[in-house]
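The values are calculated or read from the model by the stated rules, or taken from the named source; none is laboratory data. Remember, predicted model here, so these are calculated numbers, not experimental data. Here the Cβ positions follow ideal geometry from the backbone for every residue, glycine too, while neighbour counts run over all protein chains shown.
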Amino acid sequence: MKFDLTEERQMLQDGLRRFMRDSWDKSTREAVLDGDTGYSSEAWQGLAEMGVIGALFTEDDGGFGGAGFDLSVVFEELGRAGATEPLLEVVLAGGLIARRGSDDQKAVLESVIAGETQLAFAHTEPASRYDLDRVSTEATKSGDGFTLSGRKAVVVNGPNADHIVVSARTSGEVADRDGISLFVVKKGAEGMDLRGYRTMAGSHAAEIALDNVQAELLGSEGDAFDDIEWAVARATGALSAEALGLMEACRKLTADYLKQRTQFGKPIGKFQALQFRMADVLIEIEQARSAVINLCGNLDQPRDLRERHVSATKQLIGAVAKLVVEESIQMHGGIGMTEEYDLAHLTRRLTMCDHRLGDTTYHLSRFTRLAAA
Amino acid sequence: MKFDLTEERQMLQDGLRRFMRDSWDKSTREAVLDGDTGYSSEAWQGLAEMGVIGALFTEDDGGFGGAGFDLSVVFEELGRAGATEPLLEVVLAGGLIARRGSDDQKAVLESVIAGETQLAFAHTEPASRYDLDRVSTEATKSGDGFTLSGRKAVVVNGPNADHIVVSARTSGEVADRDGISLFVVKKGAEGMDLRGYRTMAGSHAAEIALDNVQAELLGSEGDAFDDIEWAVARATGALSAEALGLMEACRKLTADYLKQRTQFGKPIGKFQALQFRMADVLIEIEQARSAVINLCGNLDQPRDLRERHVSATKQLIGAVAKLVVEESIQMHGGIGMTEEYDLAHLTRRLTMCDHRLGDTTYHLSRFTRLAAA
Amino acid sequence: MDLSYTDEQNAFRAEVRAFLQEKLPERLSDKVRLGHELTKEDHEEWHAILNEKGWLAGNWPKEHGGTGWDAVERHIFEEETTQAHAPRIVPFGINMLGPVLQKFGSKEQNEYWLPRILNGDDWWCQGYSEPGAGSDLASLKTEAVRDGDHYIVNGQKTWTTLGQYANMIFCLVRTSKNGKPQEGISFLLIDMDDPGIEVRPIVLIDGGAEVNEVWFKDVKVPVENLVGEENKGWTYAKYLLTHERTNIAGVGFANAALENLKRIARLEMSHGKPLIEDPLFAAKMAQVEIALMAMATTNLRVVSKAAEGQAPGAESSMLKIKGTEIRQEINALTREAVGPYAMPFVSEALEPGSNTEPVGPDYALPMTKTYFNNRKLSIYGGSNEVQKTIISKAILEL
Amino acid sequence: MDLSYTDEQNAFRAEVRAFLQEKLPERLSDKVRLGHELTKEDHEEWHAILNEKGWLAGNWPKEHGGTGWDAVERHIFEEETTQAHAPRIVPFGINMLGPVLQKFGSKEQNEYWLPRILNGDDWWCQGYSEPGAGSDLASLKTEAVRDGDHYIVNGQKTWTTLGQYANMIFCLVRTSKNGKPQEGISFLLIDMDDPGIEVRPIVLIDGGAEVNEVWFKDVKVPVENLVGEENKGWTYAKYLLTHERTNIAGVGFANAALENLKRIARLEMSHGKPLIEDPLFAAKMAQVEIALMAMATTNLRVVSKAAEGQAPGAESSMLKIKGTEIRQEINALTREAVGPYAMPFVSEALEPGSNTEPVGPDYALPMTKTYFNNRKLSIYGGSNEVQKTIISKAILEL
């Protein structure tokens, strides 16, 4: 049993923390939030050069990591900085390409790792909410390929993606696990109508309407559900680690503020009620840290155990995130609600973690079903 | 709209509060908790003489009250004193006799109101939990009467009761609403095995095994469910008011203790964290008070509205009770856990309110079903 | 003990409802219902409609052009207007300044300013908070120095809601540094058109800019704009803050928000069924509805006492805390209810006159914004921490 | 980062498990599992079994007759023993006094007292709290006045757990009134057979009498029973209180309680189905299980640091708070689970040697008692309020 990072991961963490501190400052944030893509190209290039994108892939896939704790180290630091770079899409779409792609299809990973190609994963649909099996987009065979028709919702990084991994049904009914397949669609494909917009998390996303869009099958037909669940498990580990980093950043800002802000003649951090509430926040963040460890350390375990940790961790992260967001703002008072102050972006982004990959209610209910099974 | 008590009820409240303060002191409590019946005969006689038992019945039934706010006034004062007198059994069993009984059967109410006859309501069974329709005790016609066979669980005041109102099935399956009938069984009836014991609430209760026990039908056959629900609604109002009184008593003890106990050189009530927690307790008790008003003010409304308030109020009361119990003990520290100190009995009795007539989880779930209907 | 309304009260409710049906423009109620932003003109339009009926100043006595309603009537009016999705009445002139002038202002001030408030000639804003004086309002620093017939005001105010629309601001300013911090504060009425005033919007976490910083540089204020006595402003400010506020619980807002939540939970699908049928989500909604049912009665208890002339004391603090907790919880559940469509941040679609289509269902878009915006409920108007201190001192005597 | 145990650790776990299977009397584990009270003899029997194996003193070094285990080994031992429903080791001699003597006691004291602890010759209890000195322990008043070769002790201790069984008590006493309250406190070992000592049981809310008041009237204590230096007792007491306590989170107890809760929720029927299938009850159980899964890992993080020789600091405070919250919540849910059968208070049925039949299912009876008894968890050993203050100062630096 060992809870320290390996030397390599420690170096990655230190380097990344320094890099993010320098490259994701307030002016970067303001530019990103005002900009057209929802992330900083410079930061993205820097991450690629540092090997951070590669750290999300195994050596076999051209990376030099890919384990659960590689994800957690990377995403915690992104979170700490409030960064919006679309790395989670790499875990999702890139992970699925690596797992299911032919050698030809996997070739794109090299340019992804180099920071030259942007990915997105179009799976959620307007009526699917967080269910992974609820796919109604249809894929029809046409020549040696397929054409896709349907709608995909809130596709994060959709507007920037060069390749979009799209799920669609090649057989079965809307909530069947069998019959779901994955496809790769290229940017600007004919018949794809993509409406981009910015999100509360700072990233950009898109509503995508597919009308007989030419697409390339990724892996074999009809058996994608298990891999989607696998990729989402990994992404949940990553997203939870990012949430943890965001929590740490909120906590630091708040604790600093408590020391510095005076009311009634003393720093407000001297008021016992706030001290105790801050202690509660701290305790819950330690719970969140352990939950991230539990999930990232069990990503390679059999499905039952892995998914149990997916739902346990995401549920806990969602609940703690709400506490941290609400207490951080409340303990700041008015200043905590201003856009200019770092907290606004951090708390928005942290709150939005609950709206990706399943929220607290979804995962609490799912955990009871997994436990009963 | 008027939230003040009528003059009569104000007099009842004032008189009862004085009476309870004098007659339910520490030595009474100790004697009751050590005693064989779970209540004080002197207090019971006193209540009867004051007309408190009569206040639970309408004039038609020989009383001089019987409205929801009569129940709330009486039971809040019982609760405030931590009294264990089995008045709730009068609301349940007495209420059902008044509603369903023949003139002959109703004759017993006079001696109930005079404090000479003790009642109990044997409805819950070992497997029914809080469901009112889950009755498996069987009633079989025999001559002009019936014989009952089955088991009844946690029959409060069972060991003392002269008359027990017993529910049993004359037709239908275990969870049918149709086919439930009510009967009166007299103390010591042949075939009735009654095991008495004391409860955490200080009252005594009994497990009752019925083996071909002779019983008299109360009202007509098979249609008792609606009346049972009606009586339980009234009892829920009464029990909630009692819980409110218990909460007020806990709060008073705790607030007084915070002023008097010093640690680190000042009264612990000067510590802001405790002040804020005490403020939360106070706010929630005000919620509880409003919930009691909502239920007791709607007992005569149509079933849908009445039952909606039954579940809303009992759920809220249960949740607030848990907060008040746990915070009162915690803010007291060790002393709050000693039998000698008043709080022990009060918090035990308050906690047990959640185990009668449906707990928070039961009523939360029931409220959602009533709302959906 | 009687939970029903009198016949007169029921008749009044019917009258309010009929009035709203006839006079509340659908264009305005649609905006309110969908969470879209109201323009200054929208507010002015609604104020004018109410003023024409004589119903603009619900808490003013008749002699000043108010309705003379008692607390129950005000409560009924609030219930009906929130349920009808009417715009709320902008409180600064009507609910805040008006009562202070009526209680402490001169006859001339009342005669000049009150009709202007009713007629919409002035748009008032509030100059209380400063960057260093939030919960600890008494430590304010904005200074007014007497210079002949004028005060010269220098300093800064913040969190000035809708200050961008205002032409007048009522301010707490320091006129003396002697004694306790509460002493030496005065209550001034200041013309926002003075060249020494600068208003800067503060963009908030939800992307909106409803609050402002207001800077004062050698602003000249005629002495007749002093309300009451010099250095007695703290008393007036406290009167304003603790002034009978029957709507502090926000029951009407909470009910409207809960109805909206239920509507959304019926439309949103989870596992192929309406979200409202999900037992855990239904339980969360039930819990807040049960709390609201109780709080509404607590509110009525306070209202009915107020109608009998008993001034509510620290009860308002309880209502403020519980009321904001409930509203914030409803907001959080509504954000949760819209699922992934809580993410889009297409503020343009909510702006006045926008042609931008919302993303996802039209009800989803404002919900995250509302969640964040309403974090303010437990911060402003005396933070919930300040309210707990009041309860602890005034009721618990700790 | 590696969540798995080493081969050696797994082998040790297997050894502990085999030992428990062979040596733990079923009579004892049944009592623990069903929540029945253990007698003094039960405890002594289990201590002797462990001592024979050399496993009684898990946190003593080998030189003193302990196991020399590191924190991970101790953790494994605790996990296995709680899972097997072994009686807990009575902590006063082994876990509390032992380490203090080893760190601050004389050679003679160690040679005399430590073997007696292991062999069960003495039953120790703890004399810390006083009626006026709970969380504020430094304000204690029990006085020891030096008189030749003895101290004369007068005063009163309270909350003395299992003091009714003890023949020895280690006490904090005031030997000087100069300086700060923390100064002038000494650490004395006192023979309970002294005629000046009176022990009075305190009946608690759950009907049990596990704690006592202890009165001292002119009790003569030989000076060789002073541990360390006079007036330095506060340091020793703090060492004891903050002494590496890997089990402070109570993960093993929590896991056993959760398993019991699940077992009961499978047996209890609600609406004709097992309670565990009720979505709302299942969700409550899931929530506490999820919290426990995380807390268990936090605990392991601290344990693994401790095994590497890093002394845990304020992390113990976090574990104490979260650990007790989780255990108390499990207790509350278990009480809820047994439904109406939470009401019977048939304490006799839980007493040693009782023939009284329980009322309702046998698992139901102790659950309300346990709920109330375990309210102590957040009060004793430094109340959760004290722990939050430590966190606020030591970690947050507020």
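Against the test of being hydroxyl-bearing (Ser, Thr, Tyr) and at pLDDT 95 or above, the options D:Thr324, D:Thr356 yield a single qualifying residue, D:Thr324. If only residues of region A:1-24 that are among the polar types (S, T, N, Q) and within 12 Å of chain D (Cβ to nearest Cβ) are counted, the one that is farthest from the chain's Cα centre (by Cα) is A:Thr6.
All conditions in (1) surrounded by 15 or more Cβ atoms within 10 Å (Cβ to Cβ); (2) over 28 Å from C:Arg301 (Cβ atoms); (3) free of Cβ contacts under 8 Å to residues at least 60 places away in the same chain hold for C:Ala18, with the sole exception of (1). Scanning region A:301-332 for residues that are without any contact (Cβ under 8 Å) to a residue 24 or more places away in the chain and either within 10 Å of chain C (Cβ to nearest Cβ) or among the basic types (Lys, Arg) (or both) returns A:Glu326, A:Ile329, A:Gln330. Exactly one residue out of A:Asp256, A:Asp304 is surrounded by fewer than 21 Cβ atoms within 10 Å (Cβ to Cβ), farther than 23 Å from A:Gly336 by Cα and of a type outside the set (Lys, Arg): that is A:Asp304.
Consider region D:101-123 and keep the residues that are closer than 23 Å to D:Asn231 by Cβ and under 21 Å from the mean Cα position of the chain (by Cα). The one that is surrounded by the fewest Cβ atoms within 10 Å (Cβ to Cβ) is D:Lys103. Please tell me if D:Ala48 is within 26 Å of D:Gly120 (Cα to Cα), surrounded by fewer than 18 Cβ atoms within 10 Å (Cβ to Cβ) and not assigned by TED's automatic domain parsing to the domain that holds D:Leu261. The answer is yes for D:Ala48.
Taken over region A:35-64, the criterion of being at negative phi and in contact with a His (Cβ under 7 Å, 6 or more places away or on another chain) is satisfied by A:Thr37 alone.
The rows are residues; the columns are (1) within 14 Å of chain B (Cβ to nearest Cβ); (2) in contact with a Cys (Cβ under 6 Å, 6 or more places away or on another chain); (3) modelled with pLDDT of 95 or more.
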site	(1), (2), (3)
C:Tyr5	yes, no, no
C:Lys31	no, no, no
C:Glu45	no, no, yes
C:Gly58	no, no, no
C:His64	no, no, yes
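Among the residues of region B:36-45, those that are buried (at least 16 other Cβ atoms within 10 Å of the Cβ) and away from every other protein chain (no Cβ under 12 Å) comprise B:Thr37, B:Tyr39, B:Ser40, B:Ala43, B:Trp44.
Among the numbered conditions (1) surrounded by fewer than 24 Cβ atoms within 10 Å (Cβ to Cβ); (2) of a type in the set (Asp, Glu); (3) in a helix (DSSP H, G or I); (4) away from chain D (no Cβ under 14 Å), the only one that A:Glu242 does not meet is (1). Considering (1) farther than 27 Å from D:Leu377 by Cβ; (2) within 10 Å of chain C (Cβ to nearest Cβ), the lone condition that B:Thr361 does not fulfil carries the number (1). Scan region D:315-329 and give yes if some residue there is surrounded by 19 or more Cβ atoms within 10 Å (Cβ to Cβ), farther than 30 Å from A:Met1 by Cα and touching a residue at least 60 places away in the same chain (Cβ under 8 Å), otherwise no. Taking every residue of region D:315-329 in turn, none turns out to be surrounded by 19 or more Cβ atoms within 10 Å (Cβ to Cβ), farther than 30 Å from A:Met1 by Cα and touching a residue at least 60 places away in the same chain (Cβ under 8 Å). For region A:333-343, filtering for residues that are buried (at least 24 other Cβ atoms within 10 Å of the Cβ) and more than 10 Å from chain C (Cβ to nearest Cβ) leaves 0. Take the residues in region C:230-269 that are more than 26 Å from the chain's Cα centre (by Cα) and free of Cβ contacts under 8 Å to residues at least 40 places away in the same chain, then tell me which one is nearest to C:Val303 (Cα to Cα). Top of the filtered list is C:Arg266. Scanning region D:209-248 for residues that are surrounded by fewer than 19 Cβ atoms within 10 Å (Cβ to Cβ), at pLDDT below 95 and part of a helix (DSSP H, G or I) yields D:Thr235, D:Lys238, D:Tyr239, D:Leu241, D:Thr242.
Just one residue in the set A:Thr147, A:Thr124, A:Thr117 is within 12 Å of another protein chain (Cβ to nearest Cβ), in contact (Cβ under 8 Å) with a residue 12 or more places away in the chain and either polar (S, T, N, Q) or surrounded by fewer than 23 Cβ atoms within 10 Å (Cβ to Cβ) (or both); that residue is A:Thr124.
At least 3 residues that are over 28 Å from C:Val173 (Cβ atoms) and touching a residue at least 40 places away in the same chain (Cβ under 8 Å) in each: list the helices (runs of 4 or more DSSP H) lying fully within region C:38-138 that qualify.
Working: elements: C:40-53, C:71-83, C:98-104, C:107-119.
Once the helices (runs of 4 or more DSSP H) in region C:38-138 are filtered for at least 3 residues that are over 28 Å from C:Val173 (Cβ atoms) and touching a residue at least 40 places away in the same chain (Cβ under 8 Å), what remains is C:40-53, C:71-83.
Output yes when any residue across region A:262-277 is in contact with a Lys or Arg (Cβ under 7 Å, 6 or more places away or on another chain), away from chain D (no Cβ under 14 Å) and crowded, with 22+ Cβ neighbours inside 10 Å, and no when none is. Checked region A:262-277: no residue is in contact with a Lys or Arg (Cβ under 7 Å, 6 or more places away or on another chain), away from chain D (no Cβ under 14 Å) and crowded, with 22+ Cβ neighbours inside 10 Å. Taken together, the residues in region C:164-187 that are within 14 Å of another protein chain (Cβ to nearest Cβ) and either buried (at least 17 other Cβ atoms within 10 Å of the Cβ) or at pLDDT 95 or above (or both) amount to 1. Within region D:21-37, the set of residues being surrounded by 14 or more Cβ atoms within 10 Å (Cβ to Cβ) and either part of a helix (DSSP H, G or I) or among the small types (Gly, Ala, Ser) (or both) comprises D:Lys23, D:Leu28, D:Ser29, D:Lys31, D:Val32, D:Arg33, D:Leu34, D:Gly35.
Do we have D:Glu397 as in a loop (DSSP other than H, G, I, E, B), within 14 Å of chain A (Cβ to nearest Cβ) and either more than 18 Å from D:Phe253 (Cβ to Cβ) or modelled with pLDDT of 90 or more (or both) here?
In short, yes.
Exactly one residue out of B:Ala48, B:Ala31, B:Ala81 is under 24 Å from B:Ala205 (Cβ atoms) and buried (at least 23 other Cβ atoms within 10 Å of the Cβ), and it is B:Ala81.
Just one of the listed residues (B:Leu295, B:Leu346) is buried (at least 21 other Cβ atoms within 10 Å of the Cβ) and within 11 Å of chain D (Cβ to nearest Cβ), and it is B:Leu346.
Residues that are among the polar types (S, T, N, Q), outside any loop (DSSP other than H, G, I, E, B) and at the interface with another protein chain (Cβ under 7 Å from one of its Cβ atoms) within region D:370-388 comprise just one, D:Ser378. The listed residues are A:Ser171, A:Ser181, A:Ser136, and the only one of them that is within 13 Å of chain C (Cβ to nearest Cβ) and either buried (at least 24 other Cβ atoms within 10 Å of the Cβ) or more than 30 Å from A:Tyr341 (Cα to Cα) (or both) turns out to be A:Ser136.
Can you spot a residue in region A:67-79 that is of a type in the set (A, V, I, L, M, F, W, C), under 26 Å from A:Phe183 (Cα atoms) and within 14 Å of another protein chain (Cβ to nearest Cβ)? Within region A:67-79, one or more residues are of a type in the set (A, V, I, L, M, F, W, C), under 26 Å from A:Phe183 (Cα atoms) and within 14 Å of another protein chain (Cβ to nearest Cβ). Just one of the listed residues (C:Gly208, C:Gly228, C:Gly196, C:Gly233) is more than 14 Å from chain B (Cβ to nearest Cβ) and within 29 Å of C:Asn374 (Cα to Cα), and it is C:Gly208.
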